[in-house]
Structures are given as C-alpha cells and as structure tokens.
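*Asks:* Quick one: structure below, then a few questions.
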C-alpha cells in the first residue's frame, strides 16, 4: 500500500515480521544502552541494530557464535540487523590503512591491530547471526572531491561483490540456521540457497511476482522468493558516492545489477547540511527497485524520519534518541525538551501529555529533571525509554497515515513542530562506545 | 509468631502493610539507583529508604513538599522511611561543627553552609512525608573512647526528645496527611495525636494489648493504638552508645522511657569488626520492647541479615546490594560472584539457577559479564535488580522459616555458604551520592 512515494509493507525476517517504514533502535554492543530487553519488547521494537566493529572487539564474534549467536547472547528473540563495521572502522579508529583487500586498523580501545576485509566482515556478521547483514563498504568522508568519491565508490562496489560471494557460500553458518522456525519447518539451505530475497537459485518460487500483497493489501518484501518466513539471513548492499548525484546513481545501478534483497543508502549523516542529505536520498531512491526494502543509515531527528519515510524510505536507524536521552534531550509531541533546565524543576506534569509510554504515564518532569540533574543512572533508563517510545510511536503514526492516505498532513504537522524547535547539532555522530 | 527470638509480624504503615523481618532497599536521592519503580514493585519491595541529607540538598525538601511529598515526587505508592540526615552529615561533610543546638556543616556538593537541628531534621522529614521518620542523632564514630561515647549518647538522647516534641507538634504537616487512605476514612490527626504507635493521647485504643495477633497468628506492631491502617507517620528513636554495652543499655532504657513506636540501633557498620556488630545488636535488643519494631541501620551481607533477623531484628537497610551490583559483585544462593571475572565470559548459564528474578530468568552470566566489562548502563540495572531480588527473597525465606519454625536451619545453611565466600570489606560504607 502506498501514499505518494511512501510504502506500507512488511519484512518477513527469520526472527520477526517487521512492519515498514520502521525505525530501528541502535544496540551498539549487544544492548540498546540502558534499556532492558523486556522493555524494548513492550515498546514494540521488532528489529534492533548491533554494531559489528564493537561486537568483534568485545566480547568477540567467535564467543558470541559459541554462545548461540547474538539473539541468544543478548536474549533478544526478535530481528537483528548488523552493520558491516565499515563506518566505525573509519570513524573511530585513528590509525587505519585501506588497501584493495580491506582495512587495517587499530582498536579504539587498546590500540591493538586488526584487519577487516569484505569476507571477514561477513564472517563476523554470520557468526553474530543477524537477520539482515550489510555488505562491507568504505564510508566516504565529507567533504570528498569527485575523484575521491568515485574511487571510494568503485572500491565499495568491488567489496559488495566480494561480500555477496562470501555470503552465498557461507550464509548457512548463521548459528540459528538449522533451528526450526516458528512458521517454517521444511525450508532448508539448499531449497533457498542465496538468502531470503536472493532467489535465482531457489527451486521454489510460488509467489512469482516481485511484490506480494497480503489480504490487507500490504506489500510484503521478500514474498517473491520465500513465501513463508524462513530462517535464512539476508545481505543488503550499500550505495555510496558522496554528495554527487551522478555517482549515487551509478553506485545504485551497479549495485542493483548485483541483485541484493535490500539496499541501503550509506555515507550520509557525516556532517553534510540537511538539505543535501534529503537531496541525495530523494535522488538515489529513484534508482532503487520498488520491490526491495530501502534503508537510510544513521538518520535522524523525528521530523526527518517522517520526511524520509514520505520519500519512500523503509528502514532507518540512529543513535540520536538513545544518545540524546543520556544528555537530557527529550523529544515530545510539543518539540524538544532539555530536561535539565531549571524551568522543569517544579513541573508536576508528564513529559509529554499525549505520550502513552511508561515514563510519561508514571513520572513528572520535575522528577526526570531531578534524576538528570543528579546524574542518577535511572535518568538514562527513563529518558531512553521515552525517546525510543517517541520514535517508535512516530513510525507507527507514519504507517497509520500511509494506510489512511494522510501522510502529507502528518508531515506538515511534524515540520511545523520542528520548525519551532531549535536545531541541536553535534548529536548525530555515531555512538562511540 | 516467633521462632526463638525472631518474630514474624506486620507493620501497618500509611502507604503499605509491611511484613517483617524486612530488608529495605536504599533510595538515596529519591531513586533506588538504576531501578525503575515498577520493577521495585514487581520485586515485592514494600518499603524503601530516602536519605534526608541528600534530598535536603537536591532537589530540596520544600520543592518535594510543594510537589506533594516524596511518594508523589518519585511515584512510589508504597511505604518510605527517611533517615535523620545525621549519618551523612557526619560521614560526608568534611567540615562540621556540633553544638548543643545541632550541627553546622558544609555541603559535600558545593561547600555551601547548612545547619541541622533535631527540629529542622524532623521538619525536613515531614516535608518529604515519610511513613517512618528517624529522630536526629549523632552517629558516634569508631573507635570512640568511653567518655566520648557517653557524651555523644547524652546529646543524642536530648536530641531525641527534641525530635519527638517537634514531631508531635507538627506531624500533621506530612503532605499526604489529609488524603483519605485506602483503608481508613475517619482517622484524623486529633484522634491519634502523636502518631501511629505513640498513643498515650489517643482517645481510641480498641486493640488494647501490646501485641495484636491477626487471624493467621501474626504479630501486628502498632495494633495497640491504630487498629486500622491510618495515614499517620511514625517517629523512631535511635540507640547510640558506641561499642560499650552498658552505654547501649543506658541509651536504650532512656529512649524507651520516651516511648517511641519503634527503635533503631544506630552507630553500627562504621568500621567495627563484625563480631562487635553482632554483640552490640544482641545485647541492645534485650532492652528494647518486644512489641515495637526494632531496626538495625546499615546492615548487611546476606548472611548477616538472616543472622540479625534470627536475633529478633525486624528491619534492616543497606546500600550493599545496590552498590555492590554497580561494581559487578553479585549475591547468589551459591555464594558471591564477581561477574567481571574472565571465568564467566563463556558461561551460558543463569547467574543463579535457583533464583526466579527477571535477570536470572532471561540473561546469561556471559552476557552480564560482557555488560559489566564494557561499562554499559544496563549492567547496573540488571545487576541491581538481581541483588535486590536476592535480598528480598532472602527475607521472604526468613519469614517463611519463622512461620515453619525452621529458622535455625536456614541460618546454618546461610552461614555455611558465606563461610565459603571470601569477605569483601570496604563495601559497607554509606552511599556517598
């Protein structure tokens, strides 16, 4: 179901059916900072992120594999997406050396030397056992001149092919691969070799079309190749190309030729102005297939996630709600609240009167201000729970608006609210620890 | 109901009926560190502590009073006990001056100058609106010579009388005093002037005896004066006297003459060897009335709380379970676990296989070790939830054993387990922030 370019759909992943557009909370090092897993479940999170770079360093992917994979390790039964580690290698490691083969880098923790190739990144992600893995990419810095952006894009495309080749040969190594799924008994590796959406080798292809439509009229990504939810991971490709729209187009087209089950737009939220982010997203989406999920990595503010969903983006993730929460910056239906401000010290009202989250239901602004002001650990817990609830609720409203064909109204309302709030730069960099 | 000197009873407090013996988690600055209130409720905590000194400094007792009292401020509907502030004034403030009138001290936060008298301590506690308030005392340092301990004890007794006088004149100022209680409609200040157990002025005294016994044979403290739970706070006196048993006896006897509804043994856990703590408790209990709750402040390890309950102590509090949790020290039925240790890195089992807490139900030792090792905020949350569950469960087992007359067996078993664990000194000092 569509509302303009925006799409309402479902991703049938091995560990969860995920309605899209979806916002994915970031669980850097096998935990969404400060929030217990049962609370994430009760907030309705169906998919969260893990960071390959961080988990590779601590506690180590082999350890997690031995313990049954990341789902079991962190006791998260729903879907997981792991990034490729590329972004952190480039943003956290001060000393690194990029070659055709991969990246040699030093750990930001202890300076120890490590090497990531596309093959190694996928091996690590398979050991973690994500539902969705990301191809290893070079995240192009900003600003980058045209020649540099082209060279980086070419490298990323060669790495994408190597990522895919390694994935196709090894995807059955996911720790849960042989476990029977709740809805799938007989789907085996051989039957659907190549992964969930990447089905050219799959002997079974009953749904036939590129888009499967459920009884409720919702688009089901992946219906093409695996009509029942199977326990097979998927590998997404990543579009790069800096802020050059022709390079973005080339990157997208060459990536689509490789036929991934989903596509991410990477290399954004790296310091560029917001109008450029939007321009790159809007322009790149044109060259990505409509029957595959489209994921913009590392965005954004509440109004941005509504805006990008309206452009046709299906998946987003960002550390903003969790990181901002730990600094007392809270998102509400009435705009941003810096809860440490003195003006809330005597305020008995809820943080957001229209919010139904457990924090707004129970605690006052005065109490949240007090916790933030005294540096109490409960401050991070409650603030994060609210901000995540606000983001997840925002996406639920987006999905609801698409269903009712009223997304334009929601977008206008969201923009009006955000225009009233001052921008707070410096909060969008990636989670460092 | 008794099992040796141990007693099974209930305290009917304005905000909760509290079964005793009870362990009270410490909520220093209006939060039990890292644990949301709904989790405390689900763990079965019926009463928690607030620290008068900390709350006086931040966010300020007047602010809390304006916001409806501490229960409403922190959204804690069950019972609260506040200490007198005396312990923190003496342990946290480097510069202080004790006079007959009270203590002048400087804030450990910003060096600002403050003054606490017995009257002011009670005024602050009434503004906070605790169910149980503590008389303002001087916590005698350890070691202290006989003359010093006597002088300190005398001062504390004069302060106890002043605390009581002020309390009797002002207890109706508790912020919730005029709210109708769930079980009590018509109990007014005049009818029970003086507080819940302190009923010599109370015109109604239907229960008559010193100990009221419910249908289940349980002793109900307070049944003497207020047969239905009324919304009236109570003030407890504090026994001092250093480690001198004759001074403890004198302190207890003179305090009992003042007729408080409950008595605390203070000035312990100040660095003295454990056998002295026990000796002082056992000896002091002899001189405290059997029909009033007896509270030992600031104890202890899991085996100690069982041991002291067996001696006849009804109430205990300690920062140990919460503070140790934040340092990775966890208490289990199999002894102490330092979860940061490498030996747990690959351990898929639950922290404590016999524990039914939400942490042991869901997470592995390997995961808890990883969280502690990476300094993740979720580590403090989960570790604290488990340690509190362990303490609260321990007390539930104590109550159950008293009921079945088998406390001696539980005590022997607890002692055997703790003998296997090494002692970890330095963890029992009071919470500093």
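The values are calculated or read from the model by the stated rules, or taken from the named source; none is laboratory data. All of these numbers come straight from a predicted model, not from anything done at the bench. Virtual Cβ from ideal backbone geometry, glycine too; neighbours counted across all protein chains shown.
*Asks:* Give A:117, A:75, A:107 a once-over and let me know the one that is modelled with pLDDT of 95 or more, in contact with a helix residue (DSSP H, G or I) (Cβ under 9 Å, 6 or more places away or on another chain) and within 14 Å of another protein chain (Cβ to nearest Cβ).
*Replies:* A:75
For every residue, the table says whether it meets (1) modelled with pLDDT of 95 or more; (2) within 14 Å of chain A (Cβ to nearest Cβ); (3) under 30 Å from residue B:367 (Cβ atoms).
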position	(1), (2), (3)
B:382	yes, yes, yes
B:388	yes, yes, yes
B:399	yes, no, no
B:410	yes, no, no
B:420	no, no, yes
B:424	no, no, yes
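*Asks:* Filter the stretch A:285-301 down to the residues that are part of a loop (DSSP other than H, G, I, E, B) and under 24 Å from residue A:92 (Cβ atoms), then identify the one that is farthest from the chain's Cα centre (by Cα).
*Replies:* The residue in question is A:301.
This table checks each residue for (1) part of a loop (DSSP other than H, G, I, E, B); (2) closer than 22 Å to residue B:91 by Cα; (3) without any contact (Cβ under 8 Å) to a residue 40 or more places away in the chain; (4) touching a strand residue (DSSP E or B) at 6+ places or on another chain (Cβ under 8 Å).
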{"residue": "B:235", "(1), (2), (3), (4)": "no, no, no, yes"}
{"residue": "B:252", "(1), (2), (3), (4)": "no, no, yes, yes"}
{"residue": "B:283", "(1), (2), (3), (4)": "no, no, yes, no"}
{"residue": "B:303", "(1), (2), (3), (4)": "no, no, no, no"}
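*Asks:* For the structure I just gave you, tell me whether residue A:378 is within 12 Å of chain B (Cβ to nearest Cβ) and at pLDDT 95 or above.
*Replies:* The answer is yes for residue A:378.
Conditions (1) at pLDDT 95 or above; (2) under 26 Å from the mean Cα position of the chain (by Cα); (3) within 13 Å of chain B (Cβ to nearest Cβ); (4) not in a helix (DSSP H, G or I), marked per residue:
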{"residue": "A:323", "(1), (2), (3), (4)": "yes, yes, yes, no"}
{"residue": "A:349", "(1), (2), (3), (4)": "yes, no, yes, yes"}
{"residue": "A:356", "(1), (2), (3), (4)": "yes, yes, no, yes"}
{"residue": "A:369", "(1), (2), (3), (4)": "yes, no, yes, no"}
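*Asks:* Follow-up question, since we're still on this one. Determine whether residue A:373 is within 22 Å of the chain's Cα centre (by Cα) and either within 14 Å of another protein chain (Cβ to nearest Cβ) or under 22 Å from residue A:349 (Cβ atoms) (or both).
*Replies:* When the stated conditions are applied, residue A:373 does not pass them.
*Asks:* Also, I was wondering about something else. One residue is enough: does the stretch A:41-55 have a residue meeting the conditions at the interface with chain B (Cβ under 9 Å from one of its Cβ atoms) and over 21 Å from residue B:350 (Cβ atoms)?
*Replies:* There is at least one residue in the stretch A:41-55 that is at the interface with chain B (Cβ under 9 Å from one of its Cβ atoms) and over 21 Å from residue B:350 (Cβ atoms).
*Asks:* Of the conditions (1) within 23 Å of residue B:85 (Cβ to Cβ); (2) surrounded by fewer than 23 Cβ atoms within 10 Å (Cβ to Cβ); (3) touching a residue at least 24 places away in the same chain (Cβ under 8 Å), residue B:17 fails just one. Which one is it?
*Replies:* (1)
*Asks:* Another question about this same structure. From the list A:29, A:39, which one is in contact (Cβ under 8 Å) with a residue 40 or more places away in the chain and farther than 30 Å from residue A:138 by Cβ?
*Replies:* Selected residue: A:39, the only one of A:29, A:39 that is in contact (Cβ under 8 Å) with a residue 40 or more places away in the chain and farther than 30 Å from residue A:138 by Cβ.
*Asks:* Does residue B:311 satisfy being surrounded by fewer than 23 Cβ atoms within 10 Å (Cβ to Cβ), touching a strand residue (DSSP E or B) at 6+ places or on another chain (Cβ under 8 Å) and within 24 Å of residue B:409 (Cβ to Cβ)?
*Replies:* It is true that residue B:311 is surrounded by fewer than 23 Cβ atoms within 10 Å (Cβ to Cβ), touching a strand residue (DSSP E or B) at 6+ places or on another chain (Cβ under 8 Å) and within 24 Å of residue B:409 (Cβ to Cβ).
*Asks:* Test of understanding: among A:35, A:29, which residue is in contact with a strand residue (DSSP E or B) (Cβ under 9 Å, 6 or more places away or on another chain) and within 13 Å of chain B (Cβ to nearest Cβ)?
*Replies:* Values: A:35 fails: in contact with a strand residue (DSSP E or B) (Cβ under 9 Å, 6 or more places away or on another chain).
One residue alone meets the criteria, A:29.
*Asks:* Surrounded by 18 or more Cβ atoms within 10 Å (Cβ to Cβ) and away from chain A (no Cβ under 14 Å): does that describe residue B:84? Give the derivation first.
*Replies:* Numbers: surrounded by 18 or more Cβ atoms within 10 Å (Cβ to Cβ): yes; away from chain A (no Cβ under 14 Å): yes.
Considered against the rule, which asks whether it is surrounded by 18 or more Cβ atoms within 10 Å (Cβ to Cβ) and away from chain A (no Cβ under 14 Å), residue B:84 comes out as yes.
*Asks:* Separate question: Working only within the stretch A:325-347, note down all residues that are touching a strand residue (DSSP E or B) at 6+ places or on another chain (Cβ under 7 Å) and either within 12 Å of chain B (Cβ to nearest Cβ) or part of a loop (DSSP other than H, G, I, E, B) (or both).
*Replies:* A:328, A:339
Residue by residue, here is whether (1) closer than 25 Å to residue B:160 by Cα; (2) in contact with a strand residue (DSSP E or B) (Cβ under 8 Å, 6 or more places away or on another chain); (3) crowded, with 17+ Cβ neighbours inside 10 Å holds:
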position	(1), (2), (3)
B:72	no, no, yes
B:79	yes, yes, yes
B:103	yes, yes, yes
B:110	no, no, no
B:114	yes, yes, yes
